[in-house]
Each structure stands twice: as structure tokens, then as C-alpha cells.
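Just below is one structure, and these are the notes that go with it.
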Amino acid sequence: QQLFLNLENSVEKRTHELHETNTKLEANRDQLSLILNSAAEGIYGIDSEGNCTFCNRSSLLLLGYEKEEDMLGKNMHDLIHHSYEDGSKFPLDSCKVFRAIQTGIGYSENGEVFWRKDGSHFPVSYHAFPQIRNEQVIGAVITFIDITERRQHEQQIEYMRCHDSLTGLYNHRERVH
């Protein structure tokens, strides 16, 4: 009888400890989710095969998706990074996101486009950082922003540099160079 009572107490104690641990883990997960979803940048993670493991709210909005399930498990190169701006195929071996996984080194890029769900594209600035566990690359985390406005401002500055502000004619000084 005492043996059963001790076993029952031990099971009850372990169940309580497990419940407390699960509660703490869920609180940590919720806090991490809150942080990710509060970021203005799009953030998503991929496994070593390039399949989406998580994405924040901003990435969904920037890419035109409604819910995480639309991206989770999908190959992100095929989904959003498959082509250049002109529509020609973007080779996987040129992709800095996958280079981060292959080399274990972080990369940044400002001259490429990501593709939205509706088939339109936008210029991005992104950073791809490898996820390393036990000295092995297990995937990558990618942060990105839409730089459409920045590009428009750069084009406007270039126009003003090359054209007379009063007449709009091509600036004679710039033609000489």
C-alpha cells in the first residue's frame, strides 16, 4: 500500500513539474512570437533544404500571404526568389541565402527582387544568416525589407544630378565626364 502511495505521489509531483515546464516553454514561445511579429522587417527561417520553418507577420504582409500555413514547409527560393526582375530564372547556386547555408557565413544583398503571391515583385534588401547548432548549419534566418521607396529616391537624386533644375534639360557638365 505504501509503495503505491509513494508511486502516486511521485507521479503527481512529476506531472506538476512537467506542467510548470510546459507553461514556461509556452510563455517563452509566445514572447518570441510577439517579438518576431512586432518587427517591421520580414523575417523567415528555412531548414537546410530551403523549406520555410517560420515566418513573421511582416513577411506575410510584404509577400502578400494571409497565413503562415501558406509559406510553412514551402521552398522559399521557389516561392519568392525564383527569378530576376526581368523574369529570367534566378539560379540556386547564385542565391546568397543558400550560400549562407552552404558556407556558414552571413550575407547581405541590396540588388535583387522577391516575388509576391500575386506574381508581382519588389526590390529587397536582405540579410541571410546561418543557423548553427552543434557546429553544424541546420538552416538560415532571413530578414528583408521592401526598398521600393529608397530606389525611387535614388532615381530622383540621379535625375537631379544629371539635369538642370530650371529647364529639366540634360546637364552639360555631366555629359563631358
Residue 3 paired with residue 61, simple spin-label distance in nm, labels 7 Å along Cα-to-beta-carbon: 6.3 nm
Quickly work out the residue 83-to-residue 34 label distance, labels modelled 7 Å from Cα along the C-beta direction, and quote it in nm with one decimal. 4.2 nm
Straight-distance crosslink candidates among lysines, where the alpha carbon sits under 23 Å from residue 96 and sequence neighbours closer than 8 are dropped: 74, 117
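Please report Rg over Rh for the chain, where both radii come from the alpha carbon positions and Rh follows the Kirkwood definition.
Details: Rg = 24.6 Å, Rh = 19.7 Å.
Taking Rg over the Kirkwood Rh, I get 1.25.
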What's the FRET efficiency of residue 26 with residue 167 using the Cβ-Cβ distance as r and R₀ = 45 Å, to the nearest 0.05? 0.10
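Divide by every residue of the chain the summed helix terms, -39500 (n - 2.57) for each DSSP H run of at least 4, and state the resulting mean residue ellipticity at 222 nm, rounded to the nearest 500 deg cm²/dmol. Show your work: numbers first, answer last.
On the way: 6 runs with 77 residues, N = 177.
When only DSSP H runs of four or more count, the value is -13500 deg cm²/dmol.
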Theoretical FRET efficiency, 1/(1+(r/R0)^6), r = Cβ-Cβ of residue 47 and residue 152, R0 30 Å, to 0.05: 0.25
Using R₀ = 35 Å, calculate the FRET efficiency as 1/(1 + (r/R₀)^6) where r is the Cβ-Cβ separation of residue 160 and residue 105; round to 0.05. 0.40
Shape metrics for segment 1-65, restricted to C-alpha atoms - Rg then Dmax, Å: 20.3, 64
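Read-outs throughout are calculated quantities, based only on the coordinates presented, and are distinct from any laboratory measurement. Predicted model only: the values in this text are computed from it and were never measured. Here the Cβ is made from the backbone with ideal geometry for all residues, glycine too, and neighbour counts use every protein chain on show.
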